[in-house]
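Below is one structure; the comments refer to it alone.
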Amino acid sequence: MAAVAFHSTELLIIFLAVSSFVVNCCPPSDRAALLAFKSALHEPYIGIFNSWTGNDCCHNWYGVSCDPETHQVAEITLRGKSEDPIFQRAHRTGYMTGFISPAVCKLPHLSSLTLTDWEGISGEIPRCSTLLPFLRILDLTGNKISGEIPRHIGKLHRLSVLNIADNYVSGPIPGSIGNLSSLMHLDVRNNRISGPIPGCFGRLHMLSRALLSGNQISGTIPSSISRVYRLTDLDLSTNQISGPIPASLGKMPDLSTLNLDFNRFSGVIPASLLTSGVNNLNLSKNSLEGKIPDAFGPKSYFMVLDLSYNKLSGPIPRTLSGTSYIGYLDLSHNNLCGKIPAGSPFDHLDASSFESNKCLCGKPLLNAC
């Protein structure tokens, strides 16, 4: 009887150990989805997928992280440029080709998909990705991804980071983007995105950075953008945006960087931009006209103030001399006229800041008044 009892206890211990291992493993469906995801990609140099073996994808699978309670896959983080020792040993950055398999959508608890700087990944953003209810981060920067931003991306109510910069994404910004109530960081720079900025942008109340430069965006700046009260960085440079610059941008409480250069803006410079908290202001290479508002004061602080390559006329405002600080100033290639004021910040600028104007004179230009 003692031997039987001992044998039963031994079997129970083995059963519990096996059960514990099974419970702590990732689900077979998650493992299958990861292997299908892997099969659509080819990485020939670093060998980052060599660790994707065995039954437990939650342990020692490079770039894969699981929820500690459910043991379901929560994150895939694969960066082609990384400080990880696997890249240092290879003495090179990564290069990966292939496409993002729709199998990634079979990871129901996925909260982060980061697949950046591999240069050769092509194909489209899987449309089914909009059905991942827990997705918070979608970062695909630095690849060759094409197609459009999924039309129903607004279904991702938990999404806080959308980064598809440096790809070949085309088409419009979908109107459903206004439903991304948790979005904090939007980066679609250097793609082929066209069409207008949706008027629903004003509903993105959590947004702090909106980087849309280097595209083919047209139309005007929707006035609703000024209702994004947390916005600190707005970059719309190198597009085809036209119309006047909304004065309401200068009333945004947290906006500190505003880049509107290389567009088709017309009209006058709103005085509100020069009295606001914006300290990096680039309005160069547009068709702005009229006088530079004489609205500067002792609280005006600019790391960058670039108004070059416009059609501005009249004198340089004397109140510029009363600013708190101007690190970089460029007023060149306009129709400005009159004497360049003396004192700060003009005494540390060179002639290139004032060249190619109608009739400016005085230091640092060679032509005296």
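The values are calculated or read from the model by the stated rules, or taken from the named source; none is laboratory data. Just so you know, these numbers come straight off a predicted model, no measurement behind them. All Cβ positions, glycine included, derive from the backbone under ideal geometry; neighbour counts span all protein chains shown. Areas reflect the complete protein model, heavy atoms only, side chains present, ligands, DNA and RNA absent. Shrake-Rupley method; radii C 1.70, N 1.55, O 1.52, S 1.80 Å.
Here's the yes/no breakdown for (1) closer than 28 Å to I241 by Cα; (2) in contact with a helix residue (DSSP H, G or I) (Cβ under 9 Å, 6 or more places away or on another chain):
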| residue | (1), (2) |
| --- | --- |
| P126 | no, yes |
| E148 | yes, no |
| R158 | no, no |
| V161 | yes, no |
| P174 | yes, yes |
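Considering (1) closer than 25 Å to D166 by Cβ; (2) aromatic (F, W, Y); (3) part of a loop (DSSP other than H, G, I, E, B); (4) open to solvent by less than 20 Å² (accessible area, probe 1.4 Å), say which one Y62 fails and leave the rest.
In the conditions (1) closer than 25 Å to D166 by Cβ; (2) aromatic (F, W, Y); (3) part of a loop (DSSP other than H, G, I, E, B); (4) open to solvent by less than 20 Å² (accessible area, probe 1.4 Å), Y62 misses (4) alone.
Residues in region 40-95 that are at pLDDT below 95, of a type in the set (S, T, N, Q) and within 24 Å of the chain's Cα centre (by Cα): how many?
2
Out of the residues in region 81-116 that are among the aromatic types (F, W, Y) and within 17 Å of Y62 (Cβ to Cβ), which is least open to solvent (accessible area, probe 1.4 Å)?
F87
Give me the pairs, please: first residue somewhere in region 324-350 and farther than 18 Å from A295 by Cα and in a loop (DSSP other than H, G, I, E, B), second residue anywhere and at pLDDT 90 or above and open to solvent by 20 Å² or more (accessible area, probe 1.4 Å), beta-carbon distance under 6 Å, and either six or more positions apart or on two chains.
S332/E355; S332/S356; H333/Y309; H333/S356; N334/N357; D350/P364
Could we say that R127 is farther than 22 Å from L234 by Cβ, surrounded by fewer than 21 Cβ atoms within 10 Å (Cβ to Cβ) and in contact with a strand residue (DSSP E or B) (Cβ under 9 Å, 6 or more places away or on another chain) here?
no
Determine which single condition A74 fails, assuming it passes every other condition in (1) surrounded by 14 or more Cβ atoms within 10 Å (Cβ to Cβ); (2) of a type in the set (G, A, S); (3) touching a helix residue (DSSP H, G or I) at 6+ places or on another chain (Cβ under 9 Å).
The failed condition is (3).
Name every residue in region 94-152 that is more than 26 Å from T70 (Cα to Cα) and among the polar types (S, T, N, Q), in order of residue number.
Selection gives T97, T116, S122, T141, N143, S146.
Just the residues that are out of contact with any Leu (no Cβ under 8 Å at 6 or more places or on another chain) and of a type in the set (D, E), please, taken from region 56-97.
D56, D67, E69, E83, D84, listed by residue number.
From the residues in region 172-187 that are open to solvent by less than 10 Å² (accessible area, probe 1.4 Å) and in contact with a Gly (Cβ under 9 Å, 6 or more places away or on another chain), which one is nearest to P222 (Cα to Cα)?
Once the filter is applied, the top-ranked residue is G178.
Condition (residue is in a strand (DSSP E or B) and closer than 23 Å to I217 by Cβ) applied to region 91-100: is it met by at least one residue?
No, region 91-100 contains no residue that is in a strand (DSSP E or B) and closer than 23 Å to I217 by Cβ.
Return the only residue of F37, F15, F21 being at pLDDT 55 or above and in a helix (DSSP H, G or I).
Result of the check over F37, F15, F21: F37.
Quick check on my filter: what residues within region 341-356 are closer than 16 Å to D306 by Cα and open to solvent by less than 30 Å² (accessible area, probe 1.4 Å)?
Within region 341-356, P345, F346, L349, S353, F354 qualify.
Restricting attention to region 45-59, which residues are part of a loop (DSSP other than H, G, I, E, B), surrounded by 15 or more Cβ atoms within 10 Å (Cβ to Cβ) and not aromatic (F, W, Y)?
Scanning region 45-59 gives I46, D56, C57, C58.
Are there any pairs, at least 6 apart or on different chains, whose C-beta atoms fall under 6 Å, with the first in region 251-268 and on the phi > 0 side of the Ramachandran plot and the second open to solvent by 20 Å² or more (accessible area, probe 1.4 Å) and of a type in the set (V, I, T), and if so, which?
Within 6 Å, the pairs are F262/T238.
Can you pull out every residue in region 201-221 that is out of contact with any Leu (no Cβ under 8 Å at 6 or more places or on another chain), open to solvent by 20 Å² or more (accessible area, probe 1.4 Å) and not small (G, A, S)?
Correct list: R203, H205, Q216, T220.
For region 261-313, how many residues are open to solvent by less than 40 Å² (accessible area, probe 1.4 Å) and among the charged types (D, E, K, R)?
Residues meeting the conditions: 2.
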